[in-house]
Amino acid sequence: MAGVTAICDRELPGGGVPEWVHLVPLGRFTARDGRRFELSEPEAVIAEFEQTGIDLPVDYGHQSESAADTRSGPAPAAGWIKELKAKADGLWGRVEWTARARAPIGRREYRFLGPVFLHERRNGRVIRL
């Protein structure tokens, strides 16, 4: 199954550094650029994440998504997604933030989280993070 990547912007809540973050809304949703996607099977996304056994990085400005030869320097992680869970409003991730990232997130210097996901080209169905 061929898939392509997309990003879903989510605002972080104010008032501290959240342990759990809302990654992808359940059902049909529209990205800022107008493309439509659907998270219809969050349990399948969770199962794929658990099967790989690899934490997902939370980085700055999608640096880990850039080709290594186009980076101007290191691409440090702000945190690591250690666990996923499905809730009534979508897919949530438990993040272990780095000490360096906690302060600017708490000061709201970083307000948005942009989860990158693989989706089916024909229907926008989210396959994995």
How large is the dipole of region 43-129 about the Cα centre if only Lys and Arg carry +1 and Asp and Glu carry -1, each at its Cβ, rounded to the nearest 20 debye? 340 debye
Picking from F112, T98, P76, whose Cα lies most toward the positive end of the charge dipole for the chain (charges on Cβ: Lys, Arg +1; Asp, Glu -1)? F112
Rounded to 10°, Cα long-axis angle of helix 42-52 versus longest principal axis of the chain: 60 degrees
For an R0 of 25 angstrom, estimate the FRET efficiency from the Cβ-Cβ distance between E120 and D89 and round to the nearest 0.05. 0.70
Which whole-number percent is the relative contact order of the chain (Cα, under 8 Å, 6+ apart)? 40 percent
Expected output is a single nm value to one decimal: the length gained when fully extending between A103 and A44, i.e. 0.36 nm times separation in residues minus the C-alpha distance. What is it? 17.9 nm
List the GluC sites (Glu not before Pro) within region 30-118 that fall in a DSSP loop (any state other than H, G, I, E or B) and whose Cβ has at most 13 other Cβ atoms within 10 Å. E109
Value of [θ]222 nm, deg cm²/dmol, for the chain, DSSP H segments ≥ 4, -39500 (n - 2.57) each, nearest 500: -4000 deg cm²/dmol
Run the simple label-point estimate for R28 and Q63 please: 7 Å along Cα→C-beta, distance reported in nm. 3.9 nm
Put a dot 7 Å past each Cα toward the Cβ at E19 and I127; how far apart are the dots in nm? 3.4 nm
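Bear in mind that the values in this text are calculations on the coordinates, not laboratory data. Note that the structure is predicted; figures quoted are calculated from it, not measured. Here Cβ is always computed from backbone atoms with ideal geometry, including for glycine, and neighbour counts include all displayed protein chains.
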